[in-house]
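Colleague: Below you'll find the structure I mean.
Just so it is clear, none of the values below were taken in a lab; they were calculated from the coordinates. Bear in mind that the values here come from a model prediction, so they are computed numbers and not experimental data.
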Amino acid sequence: MAKKKIFGERNQELSNTLLKGKKYYDWVVTTAFYSSIHFVEDCALPTKIMGRECKDILDVKRAYKMDGRHAARERMVFDKINAAIGARYKWLDDHSRNARYKTYKLQPAEALKAKEYLDYIHKHFYEEKSK
């Protein structure tokens, strides 16, 4: 699963680069969200849900009997990690969807918040565990 961390950190680096460019705030948020997906899956899987061993997000989706991977992942975050990570993950998901499907015209404050939330998630999984 270490590959997930690498993908997540590449997306995180791109998100930070885009933020510094002060132009594509929609992509700052979107790449932050996709980075968080990789970090969550890297650290939360494998796990047991409803008595079922889950190695990947498709197993999680089946265990929860949910239609979508994003919804199943979000539920797993709240159930298996904690509400603080869950709330930030959900914000990134919601704002990324908005940026992708409703409007690409996001404010710098939204992009900064996406960076803050992604940094929080990364720190939770990788910096705090190494202490």
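Colleague: If contacts are Cα pairs under 8 angstrom and at least 6 residues apart, what is the relative contact order of the chain in percent?
Modeller: Worked out over the chain, it gives 30 percent.
Colleague: Taking a threshold of 31 Å on the Cα-Cα distance, which of the pairs 55/102; 3/113; 23/90 fall above it? Walk me through the numbers on the way to the answer.
Modeller: Working: 55/102 33 Å; 3/113 26 Å; 23/90 24 Å.
55/102, as the Cα separations exceed 31 Å there.
Colleague: By the gyration tensor of its Cα atoms, with a ≥ b ≥ c the square roots of the eigenvalues, what is the shape of segment 73-126: rounded for a/c under 1.5, prolate for a/b over b/c, or oblate?
Modeller: It comes out oblate by the Cα gyration axes.
Colleague: OK, next. Taking the chain as a Gaussian network, where each spring joins two C-alpha atoms under 10 Å apart, which residue of 114, 84, 99 fluctuates the most?
Modeller: 84
Colleague: In square nanometres, what is the average projected area of the Cα convex hull of the chain?
Modeller: Computed as one quarter of the Cα hull surface, the answer is 7.9 nm².
Colleague: Further question on the same structure: Taking every pair of alpha-carbon atoms in segment 1-65, what share in percent sits in each 10 Å bin, from 0 to the bin with the longest distance?
Modeller: In order of increasing distance, the bins hold 24, 37, 25, 13, 2 percent.
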